[in-house]
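These notes are about the structure you will find just below.
The values are calculated or read from the model by the stated rules, or taken from the named source; none is laboratory data. In this text the structure is predicted, and so the values were computed from the model without any measurement. Here the Cβ positions follow ideal geometry from the backbone for every residue, glycine too, while neighbour counts run over all protein chains shown.
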Amino acid sequence: MKLLDIGVLSEQSGVSPSTLRYYEEIGLIQSVGRHGLRRQFDAQTATQLALISLGKLAGFSLDDIKGMFAKDGTPRLPRAELHLRADALDEQIRGLTRLRDAMRHVADCPAESHMDCPKFRRLMVFAARAGSRRRV
């Protein structure tokens, strides 16, 4: 079995050594030994780190991601949860697309003042509602 020193794994994965130590501390990954004071990891850990990065990009918490691995580190991806997350991303994309389109309109709006632009006023109402939903 080929072992990767923490520095090599960090360089290959783009994950800092301190983050690797933290992931080990919370049980996301496991070192398989030490060479002097340096942790050693098996090659499968690189795959785990890629899945962790993907999960973080998709908006999963580290606790959620931890539950997606079996004790031996093999992935157990919850398909139903992935569908729900994909649906939420679709909704976020639709909202961001509407926001982008409104911002482009406002940027190009011929109105003397942005406050005279009906689309800008709707955008402000939308932003106020979105802000109040986040605080609740």
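Of the residues in segment 45-61, how many are modelled with pLDDT of 90 or more, surrounded by fewer than 18 Cβ atoms within 10 Å (Cβ to Cβ) and not aliphatic (A, V, I, L, M)? Number satisfying all stated conditions: 4. Report yes if some residue within segment 106-113 is polar (S, T, N, Q) and surrounded by 10 or more Cβ atoms within 10 Å (Cβ to Cβ); otherwise report no. Within segment 106-113, not a single residue is polar (S, T, N, Q) and surrounded by 10 or more Cβ atoms within 10 Å (Cβ to Cβ). Screening segment 72-105 for residues that are farther than 14 Å from ALA58 by Cα, under 23 Å from the mean Cα position of the chain (by Cα) and among the charged types (D, E, K, R) and picking the one that is surrounded by the most Cβ atoms within 10 Å (Cβ to Cβ) gives ARG98.
If we scan segment 96-115, do we find a residue that is out of contact with any Lys or Arg (no Cβ under 7 Å at 6 or more places or on another chain), closer than 30 Å to TYR23 by Cβ and not in a helix (DSSP H, G or I)? No: zero hits. Scanning segment 69-81 for residues that are at pLDDT below 90 and among the aliphatic types (A, V, I, L, M) yields ALA70, LEU77. Within segment 20-44, the residues that satisfy the criterion of being surrounded by 15 or more Cβ atoms within 10 Å (Cβ to Cβ) and hydroxyl-bearing (Ser, Thr, Tyr) are TYR23, SER31. Considering GLN40, GLN30, the condition of being in a strand (DSSP E or B), in contact (Cβ under 8 Å) with a residue 24 or more places away in the chain and either more than 22 Å from GLY7 (Cα to Cα) or not charged (D, E, K, R) (or both) is satisfied by GLN40 alone. So which residues in segment 48-72 are part of a helix (DSSP H, G or I) and touching a strand residue (DSSP E or B) at 6+ places or on another chain (Cβ under 8 Å), if there are any at all? Within segment 48-72, GLN48, LEU51 meet the criteria. For ASP87, the test of being part of a helix (DSSP H, G or I) and closer than 30 Å to PHE126 by Cβ is passed.
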